[in-house]
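Student: Handing you a structure now.
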Amino acid sequence: MDQKPCIESLTVKNSHVLPPDTNSHGTLFGGKLMAYIDDVAAIASVRHCRKPVVTASTDSVDFLAPVQEGDTICLEAFVTATHNTSMEVFVKAITENLLTGERKVCATAFLSMVAVDENSEPSPVPGVFPESEQEKWLHEGAERRRLHRKERRKESKELAEKFGTGLPWLPRD
């Protein structure tokens, strides 16, 4: 399978922050921003592999600045690394006050997306190669992030096994 440059998966999405999107502080709901992040990461990963994808994990969503009602939010995403059937996608969100023109990076995130076939089984993806200095910097850290993801997933499975589906904090008869 041929490799593709990171830039081929670049996806940019803009949204106007309206009152139904905000909390009692007049700022964008964190969950709404997370939904935007997941959506733009999915589009970028499908652009890369040209197959359906599922979200395997979100490494982190770091909220760096509030997004006010009336602002716009611009999300940029691209595939930074691949591994067999998975893709790491970097997402950056920028808020802009349309009246003043002030722009701030309001969030960053890494997501892992997995390509799937018609039976919803993992499917191979093309490799990716960085070209710009920023892409190279992200690409160089991808293996470290992948190993961290793998360890975190192991811990999550242990938690799920230990706590199961019951409510362990309730008193038992």
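The values are calculated or read from the model by the stated rules, or taken from the named source; none is laboratory data. Since the structure is predicted, the reported quantities are computational estimates derived from the model, not experimental observations. Note: ideal-geometry Cβ built from the backbone for every residue, glycine included; neighbour counts use all protein chains shown.
Student: Say whether the condition of being closer than 24 Å to Leu138 by Cβ and hydroxyl-bearing (Ser, Thr, Tyr) is met by at least one residue in segment 16-34. Don't jump to the end; show me each part of the working.
Tutor: Our first condition is that a residue be closer than 24 Å to Leu138 by Cβ; within segment 16-34, this holds for 30, 33-34.
Next, from what is left, pick out any that are hydroxyl-bearing (Ser, Thr, Tyr): none.
Looking through segment 16-34, none of the residues is closer than 24 Å to Leu138 by Cβ and hydroxyl-bearing (Ser, Thr, Tyr).
Student: Need pairs with beta-carbon distance below 6 Å; first residue closer than 27 Å to Ser86 by Cβ and within segment 144-169, second at pLDDT 85 or above and not in a loop (DSSP other than H, G, I, E, B); sequence gap 6+ or separate chains.
Tutor: That search, which allows pairs on different chains as well, returns Arg149/Ser57.
Student: Okay, moving on. Any idea how many residues of segment 11-51 are of a type in the set (S, T, N, Q), out of contact with any helix residue (DSSP H, G or I) (no Cβ under 9 Å at 6 or more places or on another chain) and free of Cβ contacts under 8 Å to residues at least 12 places away in the same chain?
Tutor: Pass one, segment 11-51, residues of a type in the set (S, T, N, Q): 11, 14-15, 22-24, 27, 45.
If we keep only those that are out of contact with any helix residue (DSSP H, G or I) (no Cβ under 9 Å at 6 or more places or on another chain) too, we end up with 14, 24, 27.
Now restrict to residues that are free of Cβ contacts under 8 Å to residues at least 12 places away in the same chain: 24.
Of the residues in that region, 1 qualify.
Student: Let me ask something else about it. So which of Phe63, Phe110, Phe90 is under 30 Å from His25 (Cβ atoms) and touching a Lys or Arg at 6+ places or on another chain (Cβ under 7 Å)?
Tutor: Phe110
Student: Another one. Just to check your reading of the model, which residue among Val54, Val89, Val61 is touching a residue at least 40 places away in the same chain (Cβ under 8 Å), in a strand (DSSP E or B) and under 13 Å from Arg146 (Cα atoms)?
Tutor: Val89
Student: Something else: Determine which member of the set Thr11, Thr27 is surrounded by 15 or more Cβ atoms within 10 Å (Cβ to Cβ), among the β-branched types (Val, Ile, Thr) and within 21 Å of Phe110 (Cβ to Cβ).
Tutor: Thr11
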